[in-house]
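J.: Input: one structure, supplied below.
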Amino acid sequence: EKDGYDWFMRKEIFEQPRAIADSLLGRHDDSGKLQLDEIRMSEDELRDVDKIIITACGTAFYAGLVAKYAIEHWTRIPCEVELAHEFRYRDPILTRDTLVVAISQSGETADTLMAIRHAREQRAKVLAICNTNGSTIPRESDAVIYTHAGPEIGVASTKGFMTQLIACYLLGLYLAQVRGTRFGDEIASVVDELAGLPAKVEQVLGQADQIYALAQDLQDARSVLFLGRHAGFPVALEGALKLKELAYIHAEGFAAGELKHGPIALIEEGLPVFCVVPPPGRDLLHDKMISGMQEVRARGARMIVLAEEGDDAVDDYADVIFRLPKASTLLQPVAAVVPLQLFACELATLMGHDVDQPRNLAKSVTVE
Ligand code: M6R
């Protein structure tokens, strides 16, 4: 059932174009109008929402971090993202007009479940984004957007994360559509971009062999850093988590702007540093990222750069470059995470670890 792949994880990484397409299916029409009837909240209720709190754990939490950038930009509704176990125990401010979005692949994560129970007790509305039909979290929520990744067997989440991103984008765009924000005119073009994502992910998967060669070169790494900005910051966190989980090596993701506030002290000769470069041309994000990279390179790090095709500003600061297809800043994580998934899978394989069942981890964490 691994379809010729050595691991479920690798198979699931390669299933992502299909998983994205399935998660979009039937949720928009050709004109870019979104249909999310499954939300089961009236348009009036959706218009009344004055705060969104996204809660989740692990990789699902990182999908939530990406969602915050998109949802706030598109809807102008304040959006917080919080780890479920922290949210539950800090007496968060919740009202009837708060929409709590719980993201969970399994739908059984105890920390996330406790968070939504608490939210509902406080009369907030709870919307689940979940991959498992009929699991506990959607059953206990007011509404659910199912992701259609298909069963995810590998303990490390890949297509689960990918489809969580898609569901979050759909939710943000739907809220913008219902509420008629000033972003309204652009919804159709983002929907169009979403529809083109499976082909873009396919394009990145086509570079798998180069990524595997890099893993071969970095087999002896004891520590790896990941840098990103804006929506690329959660991608950096996710790249680091994948390495911790699978290769059992120290890995950390940083917001690139934070470097000079401390982490740059970690940089030493030969340290592998992955850089997720935002697409050029938006605000000053891209240029700020490049200047951060310049600082890191100057201290001898080994620079592995993920940058958009045609972005030659990175050339001078890269030892290895993976090219990402053109995308808007908010949607770039979809393509950018793929090389990081492939890298972790391959490195762990080369190190002789069990990729599908890493030590000390379970697929769904049903205790708090
Ligand atoms: O099933 P969930 O999405 O609620 O799981 C949340 C985390 O436990 C999960 O994403 C975990 O971090 C994965 N092992 C990451 O690969």
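J.: Could we say that Glu186 is open to solvent by 30 Å² or more (accessible area, probe 1.4 Å), modelled with pLDDT under 95 and away from the ligand (no atom under 16 Å from the Cβ) here? Let's see the steps before the verdict.
T.: Values: open to solvent by 30 Å² or more (accessible area, probe 1.4 Å): yes; modelled with pLDDT under 95: yes; away from the ligand (no atom under 16 Å from the Cβ): yes.
Yes: the conditions hold for Glu186.
J.: If you don't mind, another one. Report yes if Leu173 is farther than 29 Å from Leu342 by Cα and either open to solvent by 10 Å² or more (accessible area, probe 1.4 Å) or without any contact (Cβ under 8 Å) to a residue 24 or more places away in the chain (or both), otherwise no. Walk me through it before giving the result.
T.: Details: farther than 29 Å from Leu342 by Cα: yes; either open to solvent by 10 Å² or more (accessible area, probe 1.4 Å) or without any contact (Cβ under 8 Å) to a residue 24 or more places away in the chain (or both): no.
So Leu173 does not fit the description; no.
J.: A further question follows. Out of all the residues in the range 87-107, is one or more within 16 Å of the chain's Cα centre (by Cα), crowded, with 24+ Cβ neighbours inside 10 Å, modelled with pLDDT of 95 or more and not in a strand (DSSP E or B)?
T.: yes
J.: Out of Thr112, Thr163, report the one residue that is surrounded by 24 or more Cβ atoms within 10 Å (Cβ to Cβ), among the β-branched types (Val, Ile, Thr) and farther than 22 Å from Glu15 by Cβ. Walk me through how you get there before you give the answer.
T.: Working: Thr163 fails: farther than 22 Å from Glu15 by Cβ.
Exactly one residue qualifies, and that residue is Thr112.
J.: Follow-up question, since we're still on this one. Exactly one condition in (1) assigned to a loop (DSSP other than H, G, I, E, B); (2) away from the ligand (no atom under 11 Å from the Cβ); (3) more than 27 Å from Arg229 (Cα to Cα) is not met by Ile77; state its number.
T.: Status for Ile77: all satisfied but (3).
J.: Here are the criteria: (1) farther than 22 Å from Ser189 by Cα; (2) modelled with pLDDT of 95 or more. Tell me which single one Ala21 does not satisfy.
T.: (1)
J.: Now a separate question. Just the residues that are away from the ligand (no atom under 12 Å from the Cβ) and either open to solvent by less than 20 Å² (accessible area, probe 1.4 Å) or in contact (Cβ under 8 Å) with a residue 60 or more places away in the chain (or both), please, taken from the range 123-152.
T.: Ala124, Lys125, Val126, Leu127, Ser141, Asp142, Ala143, Val144, Ile145, Tyr146, His148, Gly150
J.: Return yes when Arg323 is part of a strand (DSSP E or B) and either open to solvent by 50 Å² or more (accessible area, probe 1.4 Å) or polar (S, T, N, Q) (or both) and no when it is not. Please lay out each step first, then the result.
T.: Details: part of a strand (DSSP E or B): yes; either open to solvent by 50 Å² or more (accessible area, probe 1.4 Å) or polar (S, T, N, Q) (or both): yes.
Considered against the rule, which asks whether it is part of a strand (DSSP E or B) and either open to solvent by 50 Å² or more (accessible area, probe 1.4 Å) or polar (S, T, N, Q) (or both), Arg323 comes out as yes.
J.: Give the residue, chosen from Val224, Val155, that is within 14 Å of the ligand (Cβ to nearest atom), closer than 20 Å to Gly58 by Cα and aliphatic (A, V, I, L, M). Step through it out loud before you land on a result.
T.: On the way: Val224 fails: within 14 Å of the ligand (Cβ to nearest atom).
So the residue among Val224, Val155 that is within 14 Å of the ligand (Cβ to nearest atom), closer than 20 Å to Gly58 by Cα and aliphatic (A, V, I, L, M) is Val155.
J.: Of everything in the range 235-263 that's under 20 Å from Leu284 (Cβ atoms) and touching a residue at least 24 places away in the same chain (Cβ under 8 Å), which residue is surrounded by the fewest Cβ atoms within 10 Å (Cβ to Cβ)?
T.: Taking the range 235-263 first, the residues under 20 Å from Leu284 (Cβ atoms) are 235-236, 254-261.
From what is left, the residues that are touching a residue at least 24 places away in the same chain (Cβ under 8 Å) are 235-236, 254-257, 259-260.
Working: Val235: 32, Ala236: 28, Phe254: 23, Ala255: 18, Ala256: 28, Gly257: 15, Leu259: 20, Lys260: 11.
The residue in question is Lys260.
The values are calculated or read from the model by the stated rules, or taken from the named source; none is laboratory data. Owing to the predicted nature of the structure, the values given are computational and were not obtained by experimental measurement. Cβ sites come from the backbone with ideal geometry, for glycine too, and all protein chains shown count toward neighbours. Ligands, DNA and RNA are stripped out before the accessible areas are found, and what is left, the full protein with its side chains, is counted by its heavy atoms. Shrake-Rupley method; radii C 1.70, N 1.55, O 1.52, S 1.80 Å.
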